[in-house]
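> The structure is given below, and queries will be raised subsequently.
The values are calculated or read from the model by the stated rules, or taken from the named source; none is laboratory data. Given the structure is predicted, the values throughout are model-derived calculations rather than measurements. Virtual Cβ from ideal backbone geometry, glycine too; neighbours counted across all protein chains shown.
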Amino acid sequence: MSESTKVYLDQVDNGYCFPVIQTMIGKDILENYARVMNSNIRFSRNSAPIVPPAAIASITIGELLSSINLPPGSIHMSEEIISRSELEVGKKINVEVVLKNKSVREGYMLISLVFNIKNEANTNIIIEAKTVLMIPQESTGE
Amino acid sequence: MNKLPTLIRKIDQKIISDYAKVSGDNNPIHLDPLFAKKSQFKGTIAHGMIIAGYFSDFMDRIHGSDWSNGGTLKVKFRSPAKPGDILSISGKIKNNPAGTTSDTLVKYSLQCENQRGESISTATAEIFINH
């Protein structure tokens, strides 16, 4: 995503809905995730291989962050992940994200983002998540 | 309280860099030693979602597919994990799930500490189990 199309968090208000992300977590991505995480997660529990909830959250958060003009030095403060249903590997998902709350404290902006991750037809919730980030108003690296 | 088997994970810069590639989170606080050295952390730090993933893995080992189909994980990142850290992810059952109802909510208290016993992260997890 080019810099000009990125969302600037200081220019949007509480309740802002980010453009819906349509994505898919394929076998290759999942295998890389499992290797990096040194995970013994089983991909074939039932009839179809599934994506672990933390992998869904990690990858969709990463995709969202790439659409935001996030200053260097931003820190992840907390994360909530509620798994509503399984996601099969290779199935498309829709990721809806809302800016739930934005506040400023001691030179940092605290941001709460609420994620609703649904299946392609939007008929089934797979994950509900809440991400809290602490964003420096001025780069800490300068 | 029932204590559960501890999960041990070592953090190094390769894991952090590889995780950045997989997740797409390329914040320089994780990847750029020069930038990170000037930060409050004095060096690169691991992504919080790596720790959240370890907690989720911990629960997956106990509950298998049920964890992906109804588990709730709430994580607070208290102090960053850094390259060289050896993390212990442990947990206890907070409530007594024994009961007669068909579905019982089991609550876990989880923690992640480094090799110096410093708290990196704490979490709670909840899941309904069938008797």
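> Restricting to the range B:16-51, count the residues that are farther than 15 Å from A:SER74 by Cα and in contact (Cβ under 8 Å) with a residue 60 or more places away in the chain.
2
> Against the condition facing chain A (nearest Cβ under 10 Å) and either touching a Leu at 6+ places or on another chain (Cβ under 7 Å) or assigned to a strand (DSSP E or B) (or both), how does B:LEU110 come out, does it pass? Give the derivation first.
Working: facing chain A (nearest Cβ under 10 Å): no; either touching a Leu at 6+ places or on another chain (Cβ under 7 Å) or assigned to a strand (DSSP E or B) (or both): yes.
Criteria not met by B:LEU110.
> Further question: Taking B:GLU113 as meeting all but one of (1) closer than 23 Å to A:LEU133 by Cα; (2) in contact with a helix residue (DSSP H, G or I) (Cβ under 9 Å, 6 or more places away or on another chain), write down the number of the exception.
Exception for B:GLU113: condition (2).
> A further question follows. Count, please, the residues in the range B:44-80 that happen to be within 8 Å of chain A (Cβ to nearest Cβ), among the basic types (Lys, Arg) and not in a helix (DSSP H, G or I).
2
> A follow-up question, please. Hey, does the range B:91-101 have a residue that's in a helix (DSSP H, G or I) and free of Cβ contacts under 8 Å to residues at least 24 places away in the same chain?
no
> For the range B:19-43, which residues satisfy the criterion of being over 17 Å from A:SER66 (Cα atoms), within 7 Å of chain A (Cβ to nearest Cβ) and among the small types (Gly, Ala, Ser)?
Selection gives B:SER39 alone.
> Find the residue count for the range A:81-104, including only residues that are crowded, with 20+ Cβ neighbours inside 10 Å, more than 11 Å from the chain's Cα centre (by Cα) and either more than 7 Å from chain B (Cβ to nearest Cβ) or modelled with pLDDT of 95 or more (or both).
The total comes to 3.
A quick yes/no check of all residues on (1) at pLDDT 95 or above; (2) surrounded by 13 or more Cβ atoms within 10 Å (Cβ to Cβ); (3) more than 21 Å from A:ILE75 (Cα to Cα):
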| site | (1), (2), (3) |
| --- | --- |
| B:PHE77 | yes, yes, no |
| B:LYS82 | yes, yes, no |
| B:SER88 | yes, yes, yes |
| B:PRO97 | no, yes, yes |
| B:THR104 | no, yes, yes |
| B:TYR108 | yes, yes, yes |
| B:SER121 | yes, yes, no |
| B:ALA125 | yes, yes, yes |
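> Just need a number here: residues in the range B:3-18 that are assigned to a strand (DSSP E or B) and more than 11 Å from chain A (Cβ to nearest Cβ).
1
Conditions tested, residue by residue: (1) modelled with pLDDT under 95; (2) under 15 Å from the mean Cα position of the chain (by Cα).
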residue: A:THR5; (1), (2): yes, no
residue: A:TYR8; (1), (2): yes, no
residue: A:TYR16; (1), (2): no, no
residue: A:PRO52; (1), (2): yes, yes
residue: A:SER67; (1), (2): yes, yes
residue: A:LEU70; (1), (2): yes, yes
residue: A:GLY73; (1), (2): yes, no
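> From the list A:GLY73, A:GLY107, pick out the single residue that is on the phi > 0 side of the Ramachandran plot, within 14 Å of chain B (Cβ to nearest Cβ) and surrounded by fewer than 18 Cβ atoms within 10 Å (Cβ to Cβ).
Values: A:GLY73 fails: surrounded by fewer than 18 Cβ atoms within 10 Å (Cβ to Cβ).
None of the others qualify; the one that does is A:GLY107.
> Could you grab me the full set of residues in the range A:114-142 that are away from chain B (no Cβ under 13 Å), in contact (Cβ under 8 Å) with a residue 24 or more places away in the chain and farther than 18 Å from A:GLY26 by Cα?
Within the range A:114-142, A:ASN122, A:GLN137 meet the criteria.
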